[in-house]
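Encoded as C-alpha cells, the structure appears first; notes follow it.
The values are calculated or read from the model by the stated rules, or taken from the named source; none is laboratory data. Everything quoted here is computed from the prediction, not taken from an experiment. For neighbour counting, all protein chains shown are included, and Cβ atoms are generated from backbone atoms with ideal geometry for every residue, glycine included.
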Amino acid sequence: MAMESLIGLVNRIQRACTVLGDYGGDNALPTLWEHLPSIVVVGGQSSGKSSVLESIVGRDFLPRGSGIVTRRPLVLQLHRIEEGTEYAEFLHLPRKKFVDFSLVRKEIQDETDRITGRSKQISPVPIHLSIYSPNVVNLTLIDLPGLTKVAVDGQPDSIVADIENMVQTYVEKQNSIILAISPANQDIATSDAMKLAREVDPTGERTWGVLTKLDLMDKGTNAVDVLEGRAYRLQQPWIGVVNRSQADINKNVDMIAARRREREYFSNSLDYGHLANRMGSEYLGKMLSKHLEAVIKARIPSILALINKTIDELEEEMNQLGRALAVDPGAQLYTILELCRSFDHIFKSHLDGGRPGGER
Ligand code: GDP
Ligand code: NA
Ligand code: MG
C-alpha cells in the first residue's frame, strides 16, 4: 500500500478534529487543532481571495456575490489523482460525490446557511471540502471570511468584530502559514492582509505575500518593488497573480484558459518578464504544497508528542469511567483514543524511513 502523504494525513486529523468539536474557540479537550500546520487565506473583501483559491484549484466552485459571502471557515483539501474524473466531496455528506462544480458552490451556500440560519451571521464551525483532481497539487487551504469595515444588507454590526476575531484565532496559531492576499491596485501599506500579518508575524516568517490584480494597476506604474521584496520584506518570496476579471467571470472564461492567459501575461510583460518563472497561480500552488509538506515534516515530533499526551489523558479518563461504563461518553472517548493510536502509528512509520509524500 502506498504511504499516505503527510498532507493527506494531517487532513484526516483535521477532519477528526472538526467531528470532535475541536476547532478555533474555547475548548476543553487537549486541542490537537492548535498544533496542526495549516495555510490560512486572509485579505480584505474583494482583494481576490476566492479568485486565488479557484485558480489554484483550476475550478470555479466558490460562492460569490456582494456582502460577506464566506461566513464559515472552508477547509479546502486538494488531493492529486493521476487520472480519472475530477470530483468533490464534503465531510458532512460522506457518501455523495460531486462532479458538477456548480452544485459544490450551492452546497457550500446551503451548508453555510444551515448552521448560521439565514441570519447572515458567521460561525466558526468549519466546512470541509475535498477535491480530487489531476489538475491540483496536494494542498490544504483554509478560506476565511474577508476582513471588512462595515456590515451590509441586514448583517448585524457586530459582524465586523466577529470576523476579525475569527481570523485572529487562525493567524495567531504559530503553526499557521498566512497566505496574505493584497490587491496591486491599492497601496500595500494599507492592505488589510499585511496589517494583520504584521501584527502576528512581525518578522514575516510564516507569511506568504500574494499580490493580485497586477493587470489593474495604473498605466506607467508597476509592482516590481513589492514582488522583489523591497516594499515589504518577508522570508518567503512574494508571488504575483492575475486572476479573471469580473468581465471574464461574466463571460464564463474557463479556469484552465485563464491559467494559460496568466502565464502569457507574465512571460510577455516588460515589467515582470524577468520574474515570470516565479509568478502565477500554478507556481503559487506548487510552492505552497512543498512548503506545507516541509512544515508538517518538521512538526512531526511535536504532533506525535501531543498525540501521545492525548492518548495518556484519554486512557486515564477511561479508567476513571470504568470499563463497565460503555455508554455514550465512554464510547466517544474510545473512538478518539483509537484514532489517536492510529495516527501515532502512521506518523511513526513516516519517521522510520518512510518517504514523506511517497505516493507520488
Ligand atoms: P474576495 O472577496 O477577496 O474573495 O475577491 P474575489 O476573488 O471575489 O474578487 C473580487 C473581484 O475582483 C472579482 O470581480 C474578480 O473578478 C476581481 N479580480 C480578482 N483578482 C483579479 C485580478 O487579478 N485581475 C482582475 N482584473 N480582476 C480580479
Ligand atoms: Na486588502
Ligand atoms: Mg470571496
Query raised in the report: Looking at the range 154-161, is at least one residue within 13 Å of ligand 1 (Cβ to nearest atom) and at negative phi?
Result: no
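To keep it simple, each residue is scored yes or no on (1) within 16 Å of ligand 3 (Cβ to nearest atom); (2) at pLDDT below 95.
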{"residue": "204", "(1), (2)": "no, no"}
{"residue": "210", "(1), (2)": "yes, no"}
{"residue": "215", "(1), (2)": "no, no"}
{"residue": "219", "(1), (2)": "no, yes"}
{"residue": "234", "(1), (2)": "no, no"}
{"residue": "237", "(1), (2)": "no, no"}
Query raised in the report: Hey, any hits in the range 77-93 for a residue that's within 15 Å of ligand 1 (Cβ to nearest atom) and more than 22 Å from residue 160 (Cβ to Cβ)?
Result: no
Query raised in the report: Which residue, of 171, 150, is crowded, with 21+ Cβ neighbours inside 10 Å and not basic (Lys, Arg)?
Result: 171
Requested in this report: Within the range 96-113, identify whether any single residue is at positive phi and either modelled with pLDDT under 95 or not in a strand (DSSP E or B) (or both), and answer yes or no.
Outcome: no
Query - Any chance residue 299 is more than 22 Å from residue 177 (Cα to Cα), assigned to a helix (DSSP H, G or I) and more than 14 Å from ligand 1 (Cβ to nearest atom) - result: no
Report task. Scan the range 164-177 and give yes if some residue there is in contact with a Leu (Cβ under 6 Å, 6 or more places away or on another chain) and within 15 Å of ligand 1 (Cβ to nearest atom), otherwise no. Result -> yes
Report summary line: Expected output for the range 62-74 (first residue at pLDDT 85 or above, partner of a type in the set (Asp, Glu) and more than 10 Å from ligand 1 (Cβ to nearest atom), Cβ below 9 Å, 6+ apart or cross-chain) is 71/113; 72/111
Query raised in the report: For residue 154, all conditions in the list (1) of a type in the set (Gly, Ala, Ser); (2) farther than 19 Å from residue 278 by Cα; (3) in contact (Cβ under 8 Å) with a residue 12 or more places away in the chain; (4) not in a loop (DSSP other than H, G, I, E, B) hold save one; what is the number of the exception?
Result: (4)
Requested in this report: Name every residue in the range 178-200 that is in a helix (DSSP H, G or I), of a type in the set (A, V, I, L, M) and closer than 18 Å to residue 224 by Cα, in order of residue number.
Outcome: 188, 189, 194
